[in-house]
Amino acid sequence: AKKIGDDQCSFFSHELSEIALHRQRLITELKSTDVFQHFKTVYQPQLSISDQSITGVEVLIRWIHPELGFISPEDFIPIAEDIGAMPNISRWVITNAKKELNETNLIPEKIKRVSINISARELNIEEQAQNLHQVFKENLDFAKICQIEITETTAIYDITTSQKFIESLKELGLKFSIDDFGTGFTSLSNLKNLPVDELKIDRSFIDKIETENNSQIIVKSVIDLADNFGIKSIAEGVENENQLIFLKNCGCDEAQGYYFAKPMGIEDLKKFMAA
Ligand code: C2E
Ligand code: CA
Ligand code: CA
Ligand code: CA
């Protein structure tokens with residue numbers, strides 16, 4: 001007779017192999033340049049809290065898979081990092097955003113700053129960081145209006161490597177922001193060594209501003225911290241007026257979120273900027 005345990009066991013191993021197969025499929029596709037046909041860049045406006053003027057846009061990648069549908073960057077970016085595919089992806093994001101923003105004449109007049117997400121891991125691997133430097137060097141006018149949002153999926157192990165490349169990229173005119181500040185691995189002692197221009201407060205704190213006193217304290221502290229360092233603060237994931245009022249009262253400089261605009265394709269961005 002069959003034991004109950006057998007069924008469960010095959011059920012789990014079946015699930016696991018499905019996951020492994022899915023991952024393997026994404027790996028294979030991410031290694032091919034064909035994947036770029038299905039990538040798209042979307043843009044989310046960032047606003048000044050004091051006068052609600054648009055200060056810039058953040059570029060976010062989209063993978064619209066012909067068979068699997070929408071694949072979130074939160075799912076495929078870590079895989080791309082693991083297999084060393086990020087340099088090619090970042091190159092694609094930077095050149096595609098530049099092309100689209102140029103063709104629509106949104107840069108340099110209407111949009112003064114373009115934020116690009118770069119994994120901390122990429123800045124920490126000598127060869128990959130050099131590659132990134134090369135891309136911006138080839139696109140020097142664009143580099144001058146770009147700001148890199150350092151996204152941490154893992155700790156910046158060797159801060160000196162990152163520091164060296166941040167400095168060399170700053171020489172090209174790039175600005176730097178620490179993304180998801182408060183949730184990542186950037187400690188206060190790292191902060192004093194990193195020449196960054198902005199702290200970006202993670203959405204998870206903004207989410208709980210209305211319900212959690214501790215989140216209010218953290219948000220206020222990060223804004224003060226940025227202020228004391230003489231750098232800017234921006235809040236991500238702002239979804240309602242109450243959150244905005246709290247941020248304004250704390251002296252936060254900028255905000256981004258569904259309350260103002262969702263990430264949108266270049267055509268919608270053009271309309272948004274014209275309105
Ligand atoms: P992130 O940089 O923290 O981006 C913010 C995420 O929050 C985006 O999700 C954005 O669409 C979403 N968002 C913005 N406003 C709101 C809001 O008001 N409410 C809610 N609920 N969500 C909001 P997305 O586009 O799925 O990106 C997820 C993450 O993937 C990014 O987090 C970033 O870490 C990574 N990523 C996206 N594009 C790139 C890229 O080109 N390169 C790299 N290295 N990473 C990227
Ligand atoms: Ca970001
Ligand atoms: Ca973020
Ligand atoms: Ca976040």
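A few comments on the model shown:
- Just so you know, the Cα atoms of the chain work out to an Rg and Dmax of 20.3, 76 Å.
- Cut-off of 10 Å, at most 13 other beta carbons, DSSP loop: longest stretch of the chain lacking such GluC sites (Glu not before Pro): 68-170
- Three-way shape call for region 129-275 based on the alpha-carbon gyration tensor, with the a/c threshold at 1.5: oblate
- Apportionment of accessible area to carbon and sulfur, region 41-164, percent (1.4 Å): 49
- Hypothetical label at residue 216: residues of region 184-207 whose amide nitrogen lies under 18 Å (7 Å Cα-Cβ projection): 204-207
- Residue 31/residue 134 FRET efficiency (R0 25 Å; Cβ-Cβ; nearest 0.05): 0.75
- Taking each residue as 0.36 nm, the span from residue 88 to residue 259 lengthens on full extension beyond its C-alpha to C-alpha distance by 58.3 nm.
- Dividing the alpha-carbon radius of gyration of region 67-175 by the rule-of-thumb value 2.2 N^0.38 Å gives 1.09.
- Rolling a 1.4 Å probe over the protein heavy atoms gives the chain an accessible area of 51 Å² per residue.
- Between residue 40 and residue 144, the modelled labels are 3.2 nm apart [label points 7 Å from Cα along Cα→Cβ].
- The residue among 259, 50, 189 whose Cα reaches farthest toward the positive pole of the charge dipole of the chain, with charges on the beta-carbon of Lys, Arg, Asp and Glu, is 50.
- Nearest-0.05 FRET efficiency for residue 23 and residue 112, computed from C-beta distance (R0 51 Å): 0.80
- Simple label model, 7 Å out from Cα along Cβ direction - residue 192 to residue 127, nm: 3.6
- Amide H contacts under 5 Å for residue 113, placed H, 5+ residues apart: 57
- Considering only beta bridges that DSSP places wholly inside the chain, some 40 percent are antiparallel.
The values are calculated or read from the model by the stated rules, or taken from the named source; none is laboratory data. These numbers come from a predicted model, not from an experiment. Here the Cβ is made from the backbone with ideal geometry for all residues, glycine too, and neighbour counts use every protein chain on show. To get the accessible areas, we keep the full protein, side chains included, count just its heavy atoms, and leave off ligands, DNA and RNA. Shrake-Rupley method; radii C 1.70, N 1.55, O 1.52, S 1.80 Å.
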